[in-house]
Amino acid sequence: MLIWTSLLAPLAAAVAIAFAPKYAAKWIALVGTLASAAVTIVLALEFPDWISGKFWPSEPGPIWMEELGISLSVGYDSVSLLLALLTVFLMPLCILGSFSAINERVREYYGYFMLLHASMLLAFAAKDAILFYVGYEFTLVPMLLLIAIWGGAERRPAAIKFFLYTFFASLFMLAAILYVAWERRVEFGAWSFDIDLLISFSSSRLPQSIQFWVFAALIAGFAVKIPLFPVHTWLPLAHDQAPTAGSVILAGTLLKLGTYGAYRLAIPLVPAGGVELINVCAVLCIIAILYAALICWVQHDAKKLVAYSSVSHLGVCMLGLFALNPIGAEGAVFMMISHGLSTGAIFLCIGMVYERYHTKDMDLLGGLSRRMPVWSFFMVFFTLASLGLPGLNGFVGEFLCLMGTFIAEHDAPTGYMGVLGPGYAVVAALGLIFAAMYLLIMLGKLVWGPLREPPHGHGGHSDGRSALPTDLNLREIITLAPIAIVCLWMGLQPKPILEAVSPSVERVLADYPALVERMYADHSQPVVVAPAVVAPAETQP
Amino acid sequence: MTAMAQRIDQLWPELMVLTGAVICALIGLSRQRSMRAAVPIVAMVTLAAAVLIEWMRPNSGSESGLLFPSLGHYVKIAIGILGIGLAAIGAGHMDRKFEAQIALGRVSFDPLRVVRGEYHAFFLFSIAGVMLVCGASDLIWLFLALELVSLPTYIMVALGRSNRAAQEAGIKYFFLGALATAIFLYGFALLYGATGSLDLIVIRDWLSVQSALGGLSSMAVLGLLLSTLGICFKITAVPMHFYAPDVYEGASTPVTAFLSIVPKFAGMCALIMLLGTVGWNGHSITASDGVRIAYSGLPQPVTAVLWMVAVLTMTLGNLGGILQKSIKRTLAYSSISHSGYMLIGVLAGPGAGFDALFFYLFAYGLMNCAAFSALASVERRGNDVDSFDDISGLRAKQPLAAGVLAISAGSLLGLPPFLGFFAKAYLFMAALEAGHVGLVVIACVNSAISAFYYLRFVLVPLVAPPSARADELAASNSAFPRIAAAVCGALLLLLSAFVTQMLGAASRASSGYTPVAVGDSAQDSVQSARAPAGGDANQVVVDSSTRHP
């Protein structure tokens, strides 16, 4: 099984690292991630169902726990495969990017990264809800330790906050999954956690009031991970304190577990609940977009700025998903990938500056294009990608998300279009203007203008850690260049990805058109009936 | 074979363990150092032999004449395996200062000053008590077996450490334990009064007659409630949990480990045996308008009390755990909260509920074994480690202990893919099956609360810098705790692959239990009792709010 090979390769690397000498750890980690990446790419090339929207392989895996109905089913559809590709693409680059940044407890560091890699792939590949939960939840442990051990000055509070927020929320998700599985057991007499089986049962059989609560619990679980507005506060702290590679993975793929979970579980599992709550969720997204954008504007710390911009951008992504039409959802999936690439790359760039100057405060740094032209090129490139310059990847996703939201009027004359509407899109689009402002302000401070360097100057740290040349070295260019190429390709040629995603999106949204029409028909009925009753009464006197 | 011979034939594991206890008591007083050092090994070997005897039993241990005929088989094997781990934790711990002085030639051997032999003898007596609890056919046996579990533990608390805290803990534990014993003895007496018998099966028959005739007598219900309350002491459930933090803190590490596992095992078994006399499958109460309402589950007063006890136990346990600075007190609160989770399994009843309960008991025992063996494998100036300060930055000196501590905390927290997650998930699934949705939600919230303090077991040893106190840490003198830590830590990961097999074993434990009378005179009286009630059968309303798949 290729999928299991891609999962076990990093685990094997983790075991090897535990017994390897210190200097070999990073190379073993690199080999482990590259092996996993190679297997996943082979898988993608052989993947027969890019345009069928089905899982591959479609048959369920071996039973793991018979009494609990948990099976070892793994399989990809086009969306999860794309996210798995994103993971295996970013992971080796993170390892490569950590080569000079991590000098203490090296073996543990790369070991935790391998565990993180395996559990993220498991979460994306799982076709069984409990297996998904295992992967989703286990990512917390290595990430907790990565932040708490190799993070910044306030690393422990940040790590604890990160863990507690996500753990608490995911228990709601677990409770919701268990509840749906139990309802299914009552009906069929046996436990099963196969996601497809759960969806086909719950979307049609559960009463609306129960679907409402299940959707609320699932979204509450994923909202913390995404993160949506009121529960986003752990993210800037975690990003700020995490080591560079940790930030890259956090922004690049870990947050995508939340959006992916909403896409894979919350939306299709309980559509009747989704329809009722979607407006609330959309409002939360919009608050996140604007509020986080305004916070970005006043940041002095480059990493925090990018962290808040993540909140804002993922708000756009989720808004597209909550529009409940194919355009918006395709845009959301596209944005998950493109946000992972461009934001991850910006974190890498900031990390490279941090390694040289030991600060990421934008008041102390400035005009770095004079010292580091190559770095400045990449920084400008990825920032433009992030703020949605047409021709780069960010534009496609944001545009589709907003367009999906704009056209998603429930009473559109052309039939079913979704549940949001131009109002939502117009307000959300303000966020893009803000994004252009704060990101360009960041560029203006860091890249252009008069040269400003921190007092000790370049490499002046007494421990001699920064033996790096002023501008990027070859390893760092090799780290950034592939991401830039993929960003450009995705911006110029979005069609293959969108085409691949489209059948999966249609499957996920399959139940919604009928539901939305029924719901608004119910709601509009009294409005139609009332005048008919009142009218004769008024004519009488 | 006569009935008596048959009973004795079931008791080979117990006899094995008791023999071991006698040998331990004897060779613990030997003048030869090697003989004294062999005491924990004797304890482990006899426990292993007991497990093997029970494992090999041809008829898989099913015993006629008992309410739970197969319970003993599972419990004897499970507690035997956990006992081996507990003995390993305690190996080399007792008398360690005295033995060190003897080794240095400062003092000569004095049989009055050593406790190792006695300690391990009492240890084995207590474990034999757990094994006997499951073989109880009547209330007297059950009472004696429960006391055999408890009495040695009072002494072990005081023996394990020669300081005032341990003496205080021992006295506290003894008096409160005596009070609890009085309470459940009172309950037993009321049960006898309500049914006229001490035999659990006869009690079960009479109670089902009472139930069919229009409800349990209030004397029977009171008896059940009082015995439950008394057993709450053994399982450290609210409102009998107050002693736990003080006693766990005062006792030495191996004794604390023992207290957190063995009495709980015995208490849970005794609880389901007592509640088994009324059964989980249907009772009725008479509402004010004379309509009889039937419902599934335990009798309503018992359900209500157990529900409250479960909720309070997990909540107070977890909230208390957050506030602690001492590792042992934190683990005491953690063990309180786990009792609350286990009571969910008791409430869920036969079938999935019991499977989940027995699986959880073993998984919990293993997790606590792992945590305490990691703690026992380090010492500070010849004393137990106790505050989180002591283990700050433990990984630098003892990476194994630090790692196992983190794994056991993850497992206790219920983090996948450790064993604790599957135990907890199955418990929740069983509770959902029995219709206890509210309990599951409360337990989920509680799991989240417990993350606050379990996280300390990960961050303090693995992440925090070594403190000044931690500089004085050293490996303990015996290798057994380290071996136990490695094995338990590995099992917490590896056993996740064998959950199906473990659940199969757990489900055999409660097989053969029937909650209502079958096939004898009581059955006839139940039938005849039901006949007149048939006239107003249309008045029996089945409460549809309790879902039963």
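The values are calculated or read from the model by the stated rules, or taken from the named source; none is laboratory data. Fair warning: this is a prediction, and the values are worked out from it, not measured in the lab. No Cβ is skipped: glycine too gets one built from the backbone with ideal geometry, and neighbour counts run over all protein chains shown.
For segment B:16-40, residues that are small (Gly, Ala, Ser) and surrounded by fewer than 16 Cβ atoms within 10 Å (Cβ to Cβ) total 1. Here the condition is being under 23 Å from A:PRO482 (Cα atoms) and out of contact with any Lys or Arg (no Cβ under 6 Å at 6 or more places or on another chain); of A:LEU305, A:LEU277, A:LEU319, A:LEU348, it holds for A:LEU348 alone. Contact annotation: residue pairs with Cβ atoms under 6 Å, 6 or more positions apart or on different chains, pairing a residue in segment A:183-196 that is more than 9 Å from chain B (Cβ to nearest Cβ) and closer than 20 Å to A:VAL508 by Cβ with a partner that is crowded, with 18+ Cβ neighbours inside 10 Å and of a type in the set (Phe, Trp, Tyr), are A:ARG184/A:PHE201.
Flag set for A:ALA307, criterion: within 22 Å of A:PHE377 (Cα to Cα), buried (at least 24 other Cβ atoms within 10 Å of the Cβ) and touching a Pro at 6+ places or on another chain (Cβ under 8 Å).
Restricting segment A:165-178 to residues that are more than 7 Å from every other protein chain (Cβ to nearest Cβ) and in contact with a Leu (Cβ under 7 Å, 6 or more places away or on another chain), which is nearest to A:ILE226 (Cα to Cα)? Checking each candidate, the answer is A:THR166.
Test of understanding: among B:ILE344, B:ILE336, which residue is assigned to a helix (DSSP H, G or I), among the β-branched types (Val, Ile, Thr) and within 14 Å of another protein chain (Cβ to nearest Cβ)? Answer to the selection: B:ILE344.
Scanning segment A:30-75 for residues that are surrounded by 19 or more Cβ atoms within 10 Å (Cβ to Cβ) and among the polar types (S, T, N, Q) yields A:THR33, A:SER36, A:THR40, A:SER71, A:SER73. Figure legend. Inter-residue proximity from segment A:100-115: first residues within 26 Å of A:GLY135 (Cβ to Cβ), second residues of a type in the set (Val, Ile, Thr) and in a loop (DSSP other than H, G, I, E, B), beta-carbon distance below 7 Å, spacing 6+ or different chains. Indicated pairs: A:TYR109/A:ILE102.
Selection of segment A:117-169 for residues being assigned to a helix (DSSP H, G or I) and among the hydroxyl-bearing types (Ser, Thr, Tyr) yields A:SER119, A:TYR133, A:TYR136, A:TYR165, A:THR166.
If the condition is being farther than 19 Å from B:ARG116 by Cβ and either without any contact (Cβ under 8 Å) to a residue 40 or more places away in the chain or among the hydroxyl-bearing types (Ser, Thr, Tyr) (or both), then segment B:152-178 contributes B:ARG164, B:ILE171, B:TYR173, B:PHE174, B:PHE175, B:ALA178. For segment A:101-116, the condition holds for at least one residue, the condition being that it is more than 11 Å from chain B (Cβ to nearest Cβ), among the β-branched types (Val, Ile, Thr) and part of a loop (DSSP other than H, G, I, E, B). Residues that are within 10 Å of chain B (Cβ to nearest Cβ) and surrounded by fewer than 23 Cβ atoms within 10 Å (Cβ to Cβ) within segment A:152-164 comprise A:ARG155, A:ARG156, A:ILE160, A:LEU164, listed in sequence order.
For segment A:59-73, the tally of residues that are within 27 Å of the chain's Cα centre (by Cα) and under 16 Å from A:LEU198 (Cβ atoms) stands at 5. Just one of the listed residues (B:VAL404, B:VAL440) is farther than 17 Å from B:SER496 by Cβ and either within 14 Å of another protein chain (Cβ to nearest Cβ) or touching a residue at least 12 places away in the same chain (Cβ under 8 Å) (or both), and it is B:VAL440.
Scan segment A:123-151 for residues that are among the acidic types (Asp, Glu) and either within 11 Å of chain B (Cβ to nearest Cβ) or without any contact (Cβ under 8 Å) to a residue 12 or more places away in the chain (or both) and the total you get is 1. Would you be able to say whether some residue in segment B:228-238 is surrounded by fewer than 23 Cβ atoms within 10 Å (Cβ to Cβ), closer than 21 Å to B:ILE344 by Cα, out of contact with any strand residue (DSSP E or B) (no Cβ under 8 Å at 6 or more places or on another chain) and modelled with pLDDT under 90? Scanning segment B:228-238, I find at least one residue that is surrounded by fewer than 23 Cβ atoms within 10 Å (Cβ to Cβ), closer than 21 Å to B:ILE344 by Cα, out of contact with any strand residue (DSSP E or B) (no Cβ under 8 Å at 6 or more places or on another chain) and modelled with pLDDT under 90, so the answer is yes.
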